[in-house]
Amino acid sequence: MEKQIVQTSNAPAAVGPYSQAVRVGDWIFTAGQLGLVPGTKEFAGPDVESQTRQVLENIRAILEAAGSCLRHVVKTTVFLQDMGEFGRMNGVYAEFFPEDPPARSTVQVAALPMGARVEIEAVAVACDCDPSGRCPCCEE
């Protein structure tokens, strides 16, 4: 299988030698995403809630560019700067995965890039319902 690099301007550009995501066959693997607003190097806010929301919006944009959506996420890994913020992160996370949530691991780390509060990576299955790249079965 050939690996396809996924890139979209609707999510923050990679700040190092990595891709926003890689698609191999029907599998999509995102890089860890921070709560940065696309086109800037600014966090959506200083708190874990605003950063989690932006992280998941960034993942949504990357998955859409790859031919999938949040409903097709099968696994996430959440990296928290402070496990004491788990409940607040989890509340926002639940808004994005209200039914049949993916498998998940959550770990506390010593530090995250740029002083982020949270970083999330995802593994998803492609949908490709429509040749336009949109995922009509997943649109809300």
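Which one of these is in contact with a Gly (Cβ under 8 Å, 6 or more places away or on another chain) and closer than 21 Å to Ala103 by Cβ: Phe86, Phe79? So the residue among Phe86, Phe79 that is in contact with a Gly (Cβ under 8 Å, 6 or more places away or on another chain) and closer than 21 Å to Ala103 by Cβ is Phe79.
Here is a yes/no grid of residues against (1) surrounded by 18 or more Cβ atoms within 10 Å (Cβ to Cβ); (2) under 27 Å from Thr40 (Cα atoms); (3) without any contact (Cβ under 8 Å) to a residue 12 or more places away in the chain; (4) out of contact with any Asp or Glu (no Cβ under 9 Å at 6 or more places or on another chain):
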residue	(1), (2), (3), (4)
Ile59	yes, yes, no, no
Glu64	yes, yes, no, yes
Val74	no, no, no, yes
Leu80	yes, yes, no, no
Glu85	yes, yes, no, no
Ala94	no, yes, yes, yes
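Applying the criterion of at least 1 residues that are at pLDDT 95 or above, farther than 23 Å from Asn10 by Cβ and of a type in the set (A, V, I, L, M, F, W, C) to the strands (runs of 3 or more DSSP E) found wholly in region 21-122 leaves 73-80, 103-108. Within the bounds of region 33-51, is there any residue that is under 19 Å from Pro101 (Cβ atoms), in contact (Cβ under 8 Å) with a residue 40 or more places away in the chain and more than 10 Å from the chain's Cα centre (by Cα)? Checked against the condition, which is being under 19 Å from Pro101 (Cβ atoms), in contact (Cβ under 8 Å) with a residue 40 or more places away in the chain and more than 10 Å from the chain's Cα centre (by Cα), region 33-51 yields at least one hit.
Has region 127-135 got any residue that is at pLDDT below 95, touching a Leu at 6+ places or on another chain (Cβ under 6 Å), buried (at least 19 other Cβ atoms within 10 Å of the Cβ) and assigned to a loop (DSSP other than H, G, I, E, B)?
So in region 127-135, the residues at pLDDT below 95 come out as 127-135.
Narrowing further to those that are touching a Leu at 6+ places or on another chain (Cβ under 6 Å): none.
No, region 127-135 has no match at all.
Against the conditions (1) within 23 Å of Ser19 (Cβ to Cβ); (2) β-branched (Val, Ile, Thr); (3) surrounded by fewer than 19 Cβ atoms within 10 Å (Cβ to Cβ), Thr52 satisfies every one except (3).
The values are calculated or read from the model by the stated rules, or taken from the named source; none is laboratory data. Small disclaimer: the values here were computed from a predicted structure and weren't measured. A quick note on method: Cβ atoms are made from the backbone with ideal geometry, for glycine too, and the neighbour counts reach across all protein chains shown.
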